[in-house]
1. Is it the case that residue 138 is assigned by TED's automatic domain parsing to the domain that holds residue 84, modelled with pLDDT under 80 and not in a helix (DSSP H, G or I)?
2. Scan segment 168-189 for residues that are closer than 16 Å to residue 73 by Cβ and touching a residue at least 60 places away in the same chain (Cβ under 8 Å) and report the count.
3. Those residues that are within 20 Å of the chain's Cα centre (by Cα) and of a type in the set (Gly, Ala, Ser), I need them from segment 65-94; list them, please.
4. Here are some conditions: (1) surrounded by fewer than 20 Cβ atoms within 10 Å (Cβ to Cβ); (2) assigned by TED's automatic domain parsing to the domain that holds residue 94. Residue 184 meets all but one. Which one does it not meet?
Amino acid sequence: MDGILVVNKPMGITSHDVVDIVRRRFGMKRVGHAGTLDPIATGVLIMLIGKATKLSESFMYEDKEYIATVYFGRKTDTQDSTGRVIEEKGLNGLDVDSVKKALGSFLGEIQQMPPMVSAKKHKGKKLYELARKGITVERKPCNIKIYEIDLLDFNLPEIVIRIKCSKGTYVRTLCEDIGKALGYPAHMSALTRSVSGRFSLKEAVNLNNISEKDIQTI
């Protein structure tokens, strides 16, 4: 079996957990994924099987689309709801118009600081491994591109947004930065990857139901 399997990753497991499940299901060692999703995230995870594992880099460089929930009034040490709250502030005067204006300011090419809770490496060590030990290191901002960003729902303290972006965009960081632009601490409370390259949630298979017929040939 050589091909692509588009999985709808459930919340609470790592992308590597999905790799292990697919390996066991098909009795194959050559299984990888194209673009990590954190345990808190759900949605499109492209699994590469057999010879398709060689295509990993090309898939990772494709644009992505996410549906994210931003929680205003609380900042956490991981920039998402799994972390420890390190700042709180009441919400006074936050309205739809100000949120839409702030979102618009992120359109186009922007610089973003990679979070410590990420798989980026520093001297051979992944940043999240250092973060778990309480170590913070200096990082350089990266250039990313936000093609589209829309407000889908406004129900404070949370809003739901849709983001179409380039490879390397950290949505958790974007959520915190949106809060900063509005003058409030914020974090990402939910995330779904709805599109990865040419693959969308519509064709993603529930992990419990995967079978050989779901593997798309290269």
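The values are calculated or read from the model by the stated rules, or taken from the named source; none is laboratory data. Because the structure is a prediction, the values reported are computed rather than measured. No Cβ is skipped: glycine too gets one built from the backbone with ideal geometry, and neighbour counts run over all protein chains shown.
1. Details: assigned by TED's automatic domain parsing to the domain that holds residue 84: yes; modelled with pLDDT under 80: yes; not in a helix (DSSP H, G or I): yes.
Criteria met by residue 138.
2. Quick first cut of segment 168-189, residues closer than 16 Å to residue 73 by Cβ only: 175-189.
Among the residues that remain, those that are also touching a residue at least 60 places away in the same chain (Cβ under 8 Å) are: 175-179, 181-182, 184-189.
Count: 13.
3. Scanning segment 65-94 gives 68, 81, 83.
4. (1) is the only condition that residue 184 fails.
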